[in-house]
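Here the structure comes first, spelled out in structure tokens, and everything after it is commentary.
The values are calculated or read from the model by the stated rules, or taken from the named source; none is laboratory data. All figures in this text were calculated on a predicted structure; none of them were measured in a lab. Here the Cβ positions follow ideal geometry from the backbone for every residue, glycine too, while neighbour counts run over all protein chains shown. Just so you know, the surface numbers come from the protein's heavy atoms only, side chains and all, with ligands and any DNA or RNA stripped out. Shrake-Rupley method; radii C 1.70, N 1.55, O 1.52, S 1.80 Å.
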Amino acid sequence: MITIEIDGKSCQAESGQMLIDVADAAGIDIPRFCYHKKLSVAASCRMCLVDVEKAPKPLPACATPVMNGMVVRTRSDKARAAQKAVMEFLLINHPLDCPICDQGGECELQDIAVGYGSDVARFQELKRIVPDKNLGSLISTEMTRCIHCTRCVRFSAEIAGVREMGATGRGENMRIGTYIENTIDSELSGNMVDVCPVGALTSKPFRFTARAWELQQRDSVSPHDAVGANLHFHVRRNQVMRAVPKENEAVNEVWLADRDRYSYLALQADDRLTAPMIKKDGVWQTVEWETALKFAVKSLHDVSCQHTSAQLGALASSTSTLEELYLLQKLMRGMNCQNIDHRVRQADFSDQDVAPLFPYLGQSLSDLEQLDTALIIGSNLRKEQPLINQRLRKATLADRGLISEHVKANMMAINPADYDFNYPLKAKITDPSLIKALASVAKALGADIQAESCENGQLIAETLKNGQNKTLLIGQFVQNHQQASVLKSLISTIGKLSGSKIGYLAESGNAAGAHLMGVLPHRGVSGKAIENKGLNAQQMLTEGLKGYLLLGLEPELDSRFGATALETLKKAQCVVSLTAFKTPAMLEYATVLLPIALFPETSGTYINGEGRWQAFNGAVSPAGEARPAWKVLRVLANLLQVDGFEYASTDDIRSEIGSFHLETPIADNSQCNPLPNTFEIPTSNELQRITEMPIYAVDAMIRRAGALQKTTDAQKSTGIVLNAQQFAHLQGHDKIDVSQNGQTFELTFRLEETVPQNCALMFGGQMLGNWDGFLTVGES
Amino acid sequence: MSNSLLTPEICAQIDKWIAKYPVDQKQSAVMGALTIAQDANGGWLTQQWMDEVADYLEMPKIAVYEVATFYSMYEHKPVGKHKICVCTNISCLLRGSEEIVEHLEKRLGIKMGETTPDNKFTLKEVECLAACCGAPMFQIGKDYHENLTPEKVDDILNRLE
């Protein structure tokens, strides 16, 4: 530690730290534009010039390492004069359009100009004008306002990991942008809006809808992936106008994935359900809550009287809050029914009794940055868990900034298709079954199994053995695999033999909560085993029950069964759907639609993948007649005469949940079925279907966020993707016929090298047959 | 892959540049590669050429655009057969580059930055070309012409095809 003096204040600092960081820590304000604590230092704006004793000229605080005994003045005449001069230069080309600029009122340039600039401009000449380019549906541009700080350029290169922005031209003609008309396709692109210190890059959906000073800030937590990113909703007149990140180093740092940032758009979706509806004599009608609730209770009651309560089933979305999930299972169990589940994408339940308590990341999010070795198994990680992928990317960086030739961590992947990663992979295996690849790694580590060895399997095993801080990350392709239990046994073996931690990548922001609350047919709250096991999601959605209670779920899109789920539900006697939206499919199968609040409209708790409990309050009141789901469940329970539902608030529910002492849940991720000695890999001369739940289809809200649906990622997640070489003969066709289990769909297709031969990549979130199995394609 | 522009001969030339740098720093050859591409395309670059250079050097396309737009020797619009790059920096200015520019513009009937209708000449104002000792000067193709006078300029232009 060394000591320096800033503005007369003595500060402790690490040798080599930059002056601006030391000043920030000491609470001393130094103006800046290009400096950003998460990005490399550009030192190009010169706004942070300060007066350092014995230095002949003012020095940029962002690029000046501190030295013992340094005396710094940030407000001396010399510093002030430098800052004022830089400010004057920066304003030369900046337009005076603050009154019509979205950044107005929250603009770093505006604020610093007031604090450090002059009140009169001496510049008489013409200002530069820069034409705008269309960067896609999320970011809107006004490049004339750009002050060339290059934060967005550095963000795209360093954090997003894809160089999409650049500085072309030079001097007076330098321009920030994509050079050619090109959309920004990063899954983290919205952060460019945040890092831009001026109004050059602003949020397109938010554009011209509100002024910063009209907005109130409310905290929330995003449920769309295992991170549980912290965010602020900016609210005006009971409407969410936008979402911005809430800084939390341990969770999302200062970033948000685009999914978290733009999902609020679903609040205003066209198909939002704003009043209860019932289907009486085959005709849908909008009714009062009381009528709807009574109708729902009678329908459910009829099923349990005419048949048994075992003919009822409840399915929940794991983006529901902890409180909602707790009440749902309490209600069902109160009716003596164990058919409760949320694992609608899971195919193999054979190891559910020994499975870990919840899908635990196996470490904290920030631990991921310290890894030196990681094996990603069955995950298109960039799109599945954008911020977790960002942490791994950070682990590979030798220093803040670009990936240099010294890659710090060995990342490896085993995937069904050759997915793109924004960091170098030391080894990868593309294996549609995943089993062969994992077995070869396990064998190379010395497991007593029959498996073919392969070069990359050897390399992965070797790298894992040599790693110090290492982990195996289990993605959606494993969790939803038809032989998931076998895969998990193999992974557990690899973990044991190589001494690696095992981490699950939970599919949503509260999958952990759903497990811990016992929204499972075989386990109650806190994982307590249930004696008379109920039916799992697959059984409920394919075998058929008489009555269903759905919580925030669209099984025909959310589950792996697509059209089959729809047919099963249509045959039911009653389907009570607690939903925020109404779809044509829902109107076909449901008997009662009860409008519920979405997460920005309710209070609750989410447990993220690392087991972190995060409570939040509603930012706005629910749309129309919609009510928070916990209240709906409470009243349903009261009317169904199930005891113990006298809650006045989510706090009451939370304190009841608290009695289970789950605040720091521990899951043993090595628990699995015994490892078989040989492996069966289904083969066929047809194409093996690989199904990915695409980034912008993961839940009902995301599917309705209009701006996200217009992104390249969303556009690319349709139709079918086939191997480029194998299907080169299809070039020139618009659509092809895809047949699976006797059903035929006409689909658009793309040809790519990334999909292995004899495979077809398709996307979830559509009503297109089951997620696995084999299919054939033909010219239509 | 439609690497139609980078013929084996062009690739071989670029490979010579790549060989000058460490194996994992292919992108260092970008300026050489762009010059080769520009020469092969008749003196100017198109987006397709830049994209193919980017793919060949395994670097982001935007990074190639940055280089190609930063340096003034890369052209993004068609140029005449002979590109006359006239230095107008301080040494040349003091030694009469204004007169040279005026003479060139008058003789060719075009302004700085323009190309003659017969696509024979393009006039371009450039910064210092490091030949101050022979000011005023201009560059045509790979040749420097120093100590220019209007008569000498006429003589040089007359000798060009």
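Tabulated data for the structure shown
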{"quantity": "Residue list for the range A:630-647, filter: within 32 Å of the chain's Cα centre (by Cα) and assigned to a loop (DSSP other than H, G, I, E, B)", "calculated": "A:Tyr647"}
{"quantity": "Enumeration of residues in the range A:207-226 that are without any contact (Cβ under 8 Å) to a residue 24 or more places away in the chain and under 26 Å from the mean Cα position of the chain (by Cα)", "calculated": "A:Gln216, A:Gln217"}
{"quantity": "Within the range A:158-179, considering residues that are aliphatic (A, V, I, L, M) and open to solvent by 30 Å² or more (accessible area, probe 1.4 Å), the one nearest to B:Asp51 (Cα to Cα)", "calculated": "A:Val162"}
{"quantity": "Selected residue (criterion: nearest to the chain's Cα centre (by Cα)) from residues of the range A:151-163 that are within 11 Å of chain B (Cβ to nearest Cβ) and within 16 Å of A:Ala200 (Cα to Cα)", "calculated": "A:Ser156"}
{"quantity": "Complete set of residues in the range A:169-197 that are among the β-branched types (Val, Ile, Thr) and under 17 Å from B:Pro60 (Cα atoms)", "calculated": "A:Ile176, A:Thr178, A:Ile180, A:Thr183, A:Ile184"}
{"quantity": "The range B:70-92, residues that are open to solvent by 30 Å² or more (accessible area, probe 1.4 Å) and free of Cβ contacts under 8 Å to residues at least 60 places away in the same chain", "calculated": "B:Phe70, B:Tyr71, B:Ser72, B:Met73, B:His76, B:Lys77, B:Pro78, B:Lys83, B:Thr88, B:Asn89, B:Ile90, B:Ser91"}
{"quantity": "Cβ-Cβ under 8 Å pairs, at least 6 apart or on other chains, the range A:266-288 side under 11 Å from A:Val592 (Cα atoms) and in contact (Cβ under 8 Å) with a residue 12 or more places away in the chain, far side open to solvent by 40 Å² or more (accessible area, probe 1.4 Å) and among the basic types (Lys, Arg)", "calculated": "A:Met277/A:Lys582"}
{"quantity": "Complete set of residues in the range B:35-58 that are open to solvent by less than 30 Å² (accessible area, probe 1.4 Å) and either of a type in the set (Asp, Glu) or outside any helix (DSSP H, G or I) (or both)", "calculated": "B:Gly43, B:Leu45, B:Asp51, B:Glu52, B:Leu57"}
{"quantity": "Search result, residues across the range A:487-531 that are touching a Cys at 6+ places or on another chain (Cβ under 7 Å) and hydroxyl-bearing (Ser, Thr, Tyr)", "calculated": "A:Ser489, A:Ser492"}
{"quantity": "Residue ID - farthest from A:Leu761 (Cα to Cα), chosen from residues in the range A:702-721 that are of a type in the set (Ser, Thr, Tyr) and either out of contact with any strand residue (DSSP E or B) (no Cβ under 9 Å at 6 or more places or on another chain) or buried (at least 22 other Cβ atoms within 10 Å of the Cβ) (or both)", "calculated": "A:Thr711"}
{"quantity": "Conditions (1) touching a Gly at 6+ places or on another chain (Cβ under 9 Å); (2) away from chain B (no Cβ under 14 Å); (3) on the phi > 0 side of the Ramachandran plot; (4) not charged (D, E, K, R): number failed by A:Ser203", "calculated": "(3)"}
{"quantity": "In the range A:126-138, residue nearest to the other protein chains (Cβ to nearest Cβ) [restricted to those that are touching a helix residue (DSSP H, G or I) at 6+ places or on another chain (Cβ under 6 Å) and open to solvent by less than 20 Å² (accessible area, probe 1.4 Å)]", "calculated": "A:Val130"}
{"quantity": "In the range A:164-181, the residues that are charged (D, E, K, R) and either under 14 Å from A:Asp132 (Cα atoms) or more than 8 Å from chain B (Cβ to nearest Cβ) (or both)", "calculated": "A:Glu172, A:Arg175, A:Glu181"}
{"quantity": "Residue satisfying all of: in the range B:139-156; in contact with a His (Cβ under 8 Å, 6 or more places away or on another chain) and closer than 18 Å to B:Glu127 by Cβ; surrounded by the fewest Cβ atoms within 10 Å (Cβ to Cβ) among these", "calculated": "B:Ile140"}
{"quantity": "Residues within the range A:602-640 that are open to solvent by 30 Å² or more (accessible area, probe 1.4 Å) and of a type in the set (Ser, Thr, Tyr), tallied", "calculated": "1"}
{"quantity": "Residue within the range B:95-113 that is within 14 Å of chain A (Cβ to nearest Cβ) and of a type in the set (D, E, K, R) present", "calculated": "no"}
{"quantity": "Condition met for A:Leu497 (assigned to a helix (DSSP H, G or I), surrounded by fewer than 24 Cβ atoms within 10 Å (Cβ to Cβ) and among the aliphatic types (A, V, I, L, M))", "calculated": "yes"}
{"quantity": "Within the range A:573-589, considering residues that are small (Gly, Ala, Ser) and under 21 Å from A:Arg634 (Cβ atoms), the one surrounded by the most Cβ atoms within 10 Å (Cβ to Cβ)", "calculated": "A:Ser577"}
{"quantity": "Of the criteria (1) more than 12 Å from every other protein chain (Cβ to nearest Cβ); (2) more than 18 Å from B:Ile140 (Cα to Cα), which one B:Pro78 fails", "calculated": "(2)"}
{"quantity": "Complete set of residues in the range A:146-171 that are closer than 14 Å to A:Cys196 by Cβ and modelled with pLDDT under 90", "calculated": "none"}
{"quantity": "Candidate set from the range B:97-116 (those that are surrounded by 15 or more Cβ atoms within 10 Å (Cβ to Cβ) and touching a Pro at 6+ places or on another chain (Cβ under 8 Å)); member that is farthest from B:Ser72 (Cα to Cα)", "calculated": "B:His103"}
{"quantity": "Selection count, the range B:117-134, where residues are exposed (fewer than 13 other Cβ atoms within 10 Å of the Cβ) and not in a loop (DSSP other than H, G, I, E, B)", "calculated": "1"}
{"quantity": "Subset tally (residues that are under 18 Å from the mean Cα position of the chain (by Cα) and within 14 Å of chain A (Cβ to nearest Cβ)) for the range B:1-52", "calculated": "7"}
{"quantity": "Members of the range B:12-27 found to be modelled with pLDDT under 95 and either closer than 17 Å to A:Tyr179 by Cα or in a helix (DSSP H, G or I) (or both), listed by number", "calculated": "B:Lys26, B:Gln27"}
{"quantity": "Test: residue in the range B:135-156 that is part of a loop (DSSP other than H, G, I, E, B), within 14 Å of chain A (Cβ to nearest Cβ) and within 28 Å of B:Thr46 (Cβ to Cβ)", "calculated": "no"}
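Each row is one residue, and each column tells you yes or no for (1) touching a Lys or Arg at 6+ places or on another chain (Cβ under 6 Å); (2) modelled with pLDDT of 90 or more; (3) open to solvent by 40 Å² or more (accessible area, probe 1.4 Å); (4) of a type in the set (Lys, Arg).
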{"residue": "A:Glu646", "(1), (2), (3), (4)": "no, yes, yes, no"}
{"residue": "A:Asp651", "(1), (2), (3), (4)": "no, yes, yes, no"}
{"residue": "A:Ile657", "(1), (2), (3), (4)": "no, yes, no, no"}
{"residue": "A:Phe660", "(1), (2), (3), (4)": "no, yes, yes, no"}
{"residue": "A:Pro665", "(1), (2), (3), (4)": "no, no, no, no"}
{"residue": "A:Gln671", "(1), (2), (3), (4)": "no, yes, yes, no"}
{"residue": "A:Asn677", "(1), (2), (3), (4)": "no, no, yes, no"}
{"residue": "A:Pro682", "(1), (2), (3), (4)": "no, no, yes, no"}
{"residue": "A:Leu687", "(1), (2), (3), (4)": "no, yes, no, no"}
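Here is a yes/no grid of residues against (1) aliphatic (A, V, I, L, M); (2) under 18 Å from A:Arg560 (Cα atoms); (3) at pLDDT below 90; (4) assigned to a loop (DSSP other than H, G, I, E, B):
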residue	(1), (2), (3), (4)
A:Thr691	no, yes, no, no
A:Gln726	no, no, no, yes
A:Asp737	no, no, no, no
A:Phe749	no, no, no, no
A:Gly769	no, yes, yes, yes
A:Asp772	no, yes, yes, yes
